[in-house]
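Below: one structure, written as structure tokens.
The values are calculated or read from the model by the stated rules, or taken from the named source; none is laboratory data. Computed from a predicted model, the values in this text were never measured in an experiment. Cβ sites come from the backbone with ideal geometry, for glycine too, and all protein chains shown count toward neighbours.
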Amino acid sequence: MAQEFYRSIYSTDELRARLKDIRHVALDMDGTIYMGMSLFDYTKPFLQQLSEIGVSYSFLTNNPSKSIADYLHKLHTMGIEATEEVMYTTALATIDYLKTHLPNAKRLFMLGTPSMVSEFVKAGFEPTADDPDDVPDAMVVAFDMTLDYSRLCRAAWWAQQGIPYVATNPDRVCPTDQKVVLVDCGSICKCIEHATGRQPDITLGKPDPNMLTGIRQRYGLEASEIAMVGDRIYTDVQMAFNAGAMGVLVLSGETTLEIADEAPRQPDIIADNIGTLGNLLEWAKK
């Protein structure tokens, strides 16, 4: 096993036993397999390594700004061939939530990119306009890189009126390889809260455990057979804990080792990147 950096809450024997049981790796995307438009060098070898040792994988992302087709195209341009079945975004999680818990909500006021809105239209929802007379059944706030000030003000108005209010994800910022801070859904919601005193009725996405429930059902797995891997403790690793899966923090994105040291509950594994995790899994399964 290569001597990359990692540490674990388990002893060597315990770690090997836990990793030996892993049958599926659920992968965060931004900060884990790529940063912005830059695929990490170790990503493709890692995915090949998983296939060789018989471990399946899927891609989970709290970023709803792109449609499934957009994500598949992005992966394709990076040299990764994937299918719809291995993708799950918080836009899909929100659609599932609305259909289950707010079945009569058809007309939505949305803060989201056109690509995200297209996913909702495809699922049978109707977007409402920035108009006080175009009253929605519910409001969805997401990571919106096309955010318009008047629509933000309209979202605050609808929040103040008490209509059902769903946030797609809690992330404060989105990882990027550019010299800019990408303000994410959690920060937009905080702006609305500061203006109105209203928080979302529910915030979906990681760390909500339901994102891993679909993976369990799709692949016929127990929670203990899944490793959730990502670069954030408060979303990726916390979801693993909430779902009863193994939580693996990689240091290739948002979280530094110094930040990780301050976490009240330590990840099962902290590794410098997914390449190191691949070597650990191969070591455990030999």
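Below, the figures for the structure above:
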read-out	value
Options 236, 184, 231: the member that is among the acidic types (Asp, Glu) and within 30 Å of residue 160 (Cα to Cα)	184
Any helices (runs of 4 or more DSSP H) falling wholly within segment 40-118 and containing at least 2 residues that are in contact with a Pro (Cβ under 7 Å, 6 or more places away or on another chain) and either crowded, with 20+ Cβ neighbours inside 10 Å or touching a residue at least 24 places away in the same chain (Cβ under 8 Å) (or both)	90-101
Segment 159-177 residues that are under 16 Å from residue 207 (Cβ atoms), paired with ones that are crowded, with 22+ Cβ neighbours inside 10 Å and modelled with pLDDT under 90 (beta carbon under 6 Å, 6 or more apart)	168/205; 169/62; 169/205; 171/62
Test: residue in segment 212-223 that is out of contact with any Gly (no Cβ under 9 Å at 6 or more places or on another chain) and modelled with pLDDT of 95 or more	yes
Extreme residue, surrounded by the fewest Cβ atoms within 10 Å (Cβ to Cβ), among residues of segment 143-167 that are under 24 Å from the mean Cα position of the chain (by Cα) and assigned to a helix (DSSP H, G or I)	152
Selection status of residue 135, hydrophobic (A, V, I, L, M, F, W, C) and assigned to a helix (DSSP H, G or I)	no
Of all residues in segment 14-39 being among the hydroxyl-bearing types (Ser, Thr, Tyr) and either more than 20 Å from the chain's Cα centre (by Cα) or surrounded by 14 or more Cβ atoms within 10 Å (Cβ to Cβ) (or both), the one that is farthest from residue 70 (Cα to Cα)	32
